[in-house]
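Notes follow the structure.
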Ligand code: PLP
């Protein structure tokens, strides 16, 4: 039996999008491949409201996170973290021998413009990382306010993780002044896992030229040079099957209309939050609650593992709390092609199991 996915990624993917991945392959050095890759880049520029170039990577988002930190840190990185995925940026920096400092918010609370302002005022940093939507805690950071602080520091390369928000929430890359904005296909974009995306600014590319050890596979400068010189073709063989699916799904996203899509995500988020507050509590500060997933605090002390497994028996998958939040919270994803009716169906089943 197929289990309906309500985890915060990977998500349910429409059958017609899945079918795209079964199309016959084309050579990755053909005119058709160039056209496909250029088409995706043009559509993604619209999705991210940017004139910056797009890079595609046949890896999940973590690969491009590594590429960003490694390719563009000259001196020292400031990592602003709201939870486990924010902390990952720090682990990546350290694993690559890059000097970095970790600034963490209180659990369930966001990173504020104030925290960023104080850190940047030290003058120690030339790259910063921020997570837009922290999938482990269900907190969505106030990126618009934070961006106003960052724009005062012209030398800083600004990296933003929108892995679990892009496609469900507006991400105005140029307005926010983001230099490298990263997303993965398997979340609100509604495509299978295995490919990731980033926008890259001229500033980030200029900076990368001054960094010596940019690595190899995720050297963002090399990726960019390749697509410019070779008409959108990548240095190594990309997942053409993912590209078919992504290109097709982007058309569906624009057919729905971006504003409609964002409104649908808000509606689902509001519904789940109201439900969560009725029966439990929200883990995240409500003013900063995520629009693509809800982290429900286990305030009624239920057996979360048992709930997850009983749902599984009935054909639904939700996520236990992440890491240290295991059994202390559970997470419901409401993104991509999930509709309010799907959410109502899931919550009805949870109520039945828990006798709410
Ligand atoms: N950042 C966030 C906020 C995530 O939710 C995830 C994955 O869940 C990642 C980064 C890592 O992305 P990927 O699994 O595509 O490497």
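Please go through the range 159-198 and pick out each residue that is part of a strand (DSSP E or B) and buried (at least 24 other Cβ atoms within 10 Å of the Cβ).
Correct list: 159, 160, 161, 166, 180, 181, 182, 183, 184, 196, 197, 198.
Based on what the data block shows, is residue 57 touching a strand residue (DSSP E or B) at 6+ places or on another chain (Cβ under 6 Å), within 16 Å of the ligand (Cβ to nearest atom) and in contact (Cβ under 8 Å) with a residue 24 or more places away in the chain?
It is true that residue 57 is touching a strand residue (DSSP E or B) at 6+ places or on another chain (Cβ under 6 Å), within 16 Å of the ligand (Cβ to nearest atom) and in contact (Cβ under 8 Å) with a residue 24 or more places away in the chain.
Can you name the residue in the range 109-152 that is over 21 Å from the mean Cα position of the chain (by Cα) and within 25 Å of residue 61 (Cβ to Cβ) and, of all such residues, is surrounded by the fewest Cβ atoms within 10 Å (Cβ to Cβ)?
In this case the residue turns out to be 151.
What number of residues within the range 69-83 are surrounded by fewer than 20 Cβ atoms within 10 Å (Cβ to Cβ) and touching a strand residue (DSSP E or B) at 6+ places or on another chain (Cβ under 8 Å)?
The number of residues fulfilling the criteria is 2.
For the range 121-138, what are the residues that are assigned to a loop (DSSP other than H, G, I, E, B) and within 11 Å of the ligand (Cβ to nearest atom)?
Of everything in the range 121-138, those that are assigned to a loop (DSSP other than H, G, I, E, B) and within 11 Å of the ligand (Cβ to nearest atom) turn out to be 132, 135, 136, 137, 138.
Quick check: anything in the range 105-119 outside any helix (DSSP H, G or I), more than 30 Å from residue 190 (Cβ to Cβ) and within 16 Å of the ligand (Cβ to nearest atom)?
Within the range 105-119, none of the residues are outside any helix (DSSP H, G or I), more than 30 Å from residue 190 (Cβ to Cβ) and within 16 Å of the ligand (Cβ to nearest atom).
Checking the conditions here, which among 108, 123, 83 is on the phi > 0 side of the Ramachandran plot and without any contact (Cβ under 8 Å) to a residue 60 or more places away in the chain?
On inspection, the qualifying residue turns out to be 123.
Any read-out appearing in this document is the output of simple, stated calculations on the displayed coordinates, not a laboratory observation. Keep in mind that this is a model prediction, so the values were computed, not measured. Quick reminder, even Gly has a Cβ in these numbers, built from the backbone with ideal geometry, and neighbours come from all protein chains shown.
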